[in-house]
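Peer 1: Got a structure here, written out as structure tokens. Questions coming.
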Amino acid sequence: MNTIFKLVVFFVLVAGIANAAELGQSASAEFGAENTDKTTQPMFKFDGFGSLGVNHSSQRLGDYVLDSTLPKGAGRSSDWAAGNDSRLGAQLTGNFSPRVSAVLQVISEYQADNTYTPVVEWANVKYAFTPNVHVRAGRIVLPTFLNSENRKVGYSLPWVHPPVDLYRVLAITNSDGIDATYSFEVGEAAHTLKALYGSNTIDRPTSISTSHNLWGVFDTLEYGPATLHVGYQERMASSHSLLTGIDGAWIKNSDLSIGASYDPGNWFAIYQWIQRQSTTNLTAMYAGVGYRINKFTPYMTYSNNGRSSFVPGFAAPTAAAIVSANKSQSTVSAGVRWDFMKNVDLKVQYDRVQLSDSSNGYLINLPVNTVLYGTTFHVISAIVDFVF
Amino acid sequence: MKSLSCYCLILLLTSFAASADVVVVVSAKSTVTHLTAEQAARIFLGKSNTFPDGGNVVPVDQPEGAAIRDEFYARVASKNASQLTAYWARVIFTGGDSCPPKLLEGNAAVRRAVAGNPNAIGYIDRNALDGSVRVVLDP
């Protein structure tokens, strides 16, 4: 909580500096905002989001978790688990001047230490050179994949959660550093081009992973109801084991992603493909459709991730490493979203998870020597999402 | 058969009565004369900060639940009220690159605000038009 207090102080300081910097400047002319005008926005804005969700898995030998940061999930540890999908987020945005704004987002969700301790997800200051060019400094969201930026905001998603087979491969969601964004239009198509540099530290149940020299370039192209996202992200990562105290080697990690969605109003289709490389190379994909009937949006998704292959140039992997690297699985999901009241939705989802013939998939906390290769299990989820 | 056509006629009439006749307006002092539905959607969804001619734009919205708001977003952006909320949830909670347009209550308030700011754009019922604003899109 001490960190949060510091951030609030930081916010107030930025507000003061921004206001001082604007004195004697006529930035408002370029930005078209007259401060006395009825059309201007308030300086501070508070928004929140949250989800209360539960999962049940038919596979009682292991836990079904959505992220490598989670210590427990549905299946072996509990019949119904709320940790995967429940969270509460609060966001304070300060628009100090047409050029300077700042955002602070704090999220409470289930994490590696088995608590819901709030953490600072984002805290950054934005400076806009023009309405179409801005830079940010601080803790910034990573736009690695198509839905990376909003993966925690259940209300903004058509599903209970983003398809696990793809989003499970990368747990890091933010970067401490800088980014620059340039928006421009080509005819009726709008590009948002982003470049980012920073670092990240993430806690897992038995390790702490650090990433340095994290950089990426991302382009989002919007043309009418169509959106295309292309991204490449790279970092040097090392893992410190909390069990042995040993620091792992620094390994280059890269994530290449292509995603497309089409949403003309009454229905939507979405597709994504990623390739991630560290000492192993793997690809994952999903494709989904949904159809809106009044307040109901039934949807279906197919997702999979392939068998990992070892990248040449590293020491030959041990047999255990080969087994643990292979998480190959596929999932067929069907569910429905019900917008039953203003700013609140209810979703229920069924997943049929098929483990490949050589992997235990993403199941965790399995008893030693458990082999579930080629088996199938079922997951049922229900969630209520809200924004305020 | 007669009762069926009667029923259809009533359905047709009531559906006309329920929908507001929305027009998109800028100040009479603005140099902008025409926008496409796509351009208007981009401005109101915070995807574009400028008019097509490069001038800055400040959109003014009507309150949630207002029939004219639902009509505007359905026609221009093909989004119903829930889809619009979900859209803004996504934008706001992905770093706040833009925020929803300022809300003003009622056609008259929107017309006055738009008339007074050459950068502003709003939507009002056709019945509320006067010489202080110019229609740039009749969706």
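Peer 1: Can you pull out the residues in segment A:77-95 that are within 13 Å of chain B (Cβ to nearest Cβ) and either over 14 Å from A:Phe49 (Cβ atoms) or among the polar types (S, T, N, Q) (or both)?
Peer 2: Selection gives A:Gln91, A:Thr93, A:Gly94, A:Asn95.
Peer 1: Here's something else I'd like to know. Starting from residues that are within 11 Å of another protein chain (Cβ to nearest Cβ) and among the aromatic types (Phe, Trp, Tyr), keep the ones in segment A:256-297 and report whichever is nearest to A:Asn326 (Cα to Cα). Can you show your working first?
Peer 2: Residues of segment A:256-297 within 11 Å of another protein chain (Cβ to nearest Cβ): A:263-268, A:292, A:294-297.
This time we only want the ones that are among the aromatic types (Phe, Trp, Tyr), so: A:267-268, A:296.
Values: A:Trp267: 35, A:Phe268: 32, A:Phe296: 37 Å.
Top of the filtered list is A:Phe268.
Peer 1: Looking at A:Ala195, A:Ala190, A:Ala180, which one is part of a strand (DSSP E or B), aliphatic (A, V, I, L, M) and in contact with a helix residue (DSSP H, G or I) (Cβ under 8 Å, 6 or more places away or on another chain)?
Peer 2: A:Ala190
Peer 1: Residues to consider are A:Glu149, A:Glu188, A:Glu222; find the one that is of a type in the set (D, E, K, R) and touching an Asp or Glu at 6+ places or on another chain (Cβ under 6 Å).
Peer 2: Of the residues listed, the single one that is of a type in the set (D, E, K, R) and touching an Asp or Glu at 6+ places or on another chain (Cβ under 6 Å) is A:Glu188.
Peer 1: Further question on the same structure: Has segment B:47-64 got any residue that is assigned to a helix (DSSP H, G or I), free of Cβ contacts under 8 Å to residues at least 12 places away in the same chain and more than 8 Å from every other protein chain (Cβ to nearest Cβ)?
Peer 2: no
Peer 1: Which residues, taken from segment A:111-134, are within 30 Å of A:Val336 (Cβ to Cβ) and either outside any loop (DSSP other than H, G, I, E, B) or within 12 Å of another protein chain (Cβ to nearest Cβ) (or both)?
Peer 2: Answer for segment A:111-134, where residues must be within 30 Å of A:Val336 (Cβ to Cβ) and either outside any loop (DSSP other than H, G, I, E, B) or within 12 Å of another protein chain (Cβ to nearest Cβ) (or both): just A:Glu121.
Peer 1: Has segment B:121-139 got any residue that is buried (at least 20 other Cβ atoms within 10 Å of the Cβ), within 8 Å of another protein chain (Cβ to nearest Cβ) and among the aliphatic types (A, V, I, L, M)?
Peer 2: No: segment B:121-139 contains no residue that is buried (at least 20 other Cβ atoms within 10 Å of the Cβ), within 8 Å of another protein chain (Cβ to nearest Cβ) and among the aliphatic types (A, V, I, L, M).
Peer 1: In this structure, does A:Phe340 turn out to be part of a loop (DSSP other than H, G, I, E, B), out of contact with any helix residue (DSSP H, G or I) (no Cβ under 8 Å at 6 or more places or on another chain) and over 25 Å from A:Val371 (Cβ atoms)?
Peer 2: The answer is no for A:Phe340.
Peer 1: Considering only residues that are crowded, with 17+ Cβ neighbours inside 10 Å and closer than 23 Å to A:Gly224 by Cα, look in segment A:274-326 and name the one that is nearest to the chain's Cα centre (by Cα).
Peer 2: Per the criteria, the residue is A:Tyr286.
Peer 1: For segment A:220-256, name all the residues that are of a type in the set (S, T, N, Q) and buried (at least 16 other Cβ atoms within 10 Å of the Cβ).
Peer 2: Those that are of a type in the set (S, T, N, Q) and buried (at least 16 other Cβ atoms within 10 Å of the Cβ): A:Thr220, A:Thr227, A:Gln233, A:Ser239, A:Asn253.
Peer 1: If I filter segment B:93-105 for residues that are in a helix (DSSP H, G or I) and either facing chain A (nearest Cβ under 8 Å) or surrounded by 18 or more Cβ atoms within 10 Å (Cβ to Cβ) (or both), do I get at least one hit?
Peer 2: no
Peer 1: Could I ask something else about it? Collect the residues in segment A:135-169 that are over 12 Å from A:Glu121 (Cβ atoms), assigned to a loop (DSSP other than H, G, I, E, B) and in contact with a strand residue (DSSP E or B) (Cβ under 6 Å, 6 or more places away or on another chain), keeping them in residue-number order.
Peer 2: Residues satisfying the conditions are A:Pro143, A:Thr144, A:Phe145, A:Leu146, A:Pro158, A:Val160, A:Pro163, A:Val169.
Peer 1: I've got another one for you. Out of (1) among the aliphatic types (A, V, I, L, M); (2) within 17 Å of the chain's Cα centre (by Cα); (3) over 21 Å from A:Arg276 (Cβ atoms), the odd one out for A:Leu214 is which?
Peer 2: Of everything listed in (1) among the aliphatic types (A, V, I, L, M); (2) within 17 Å of the chain's Cα centre (by Cα); (3) over 21 Å from A:Arg276 (Cβ atoms), A:Leu214 misses just condition (3).
Any read-out appearing in this document is the output of simple, stated calculations on the displayed coordinates, not a laboratory observation. Every value quoted in this text rests on a predicted model; they were computed, and no experiment measured them. Every residue, glycine as well, gets a Cβ built from its backbone with ideal geometry; the counts of neighbours run over all protein chains shown.
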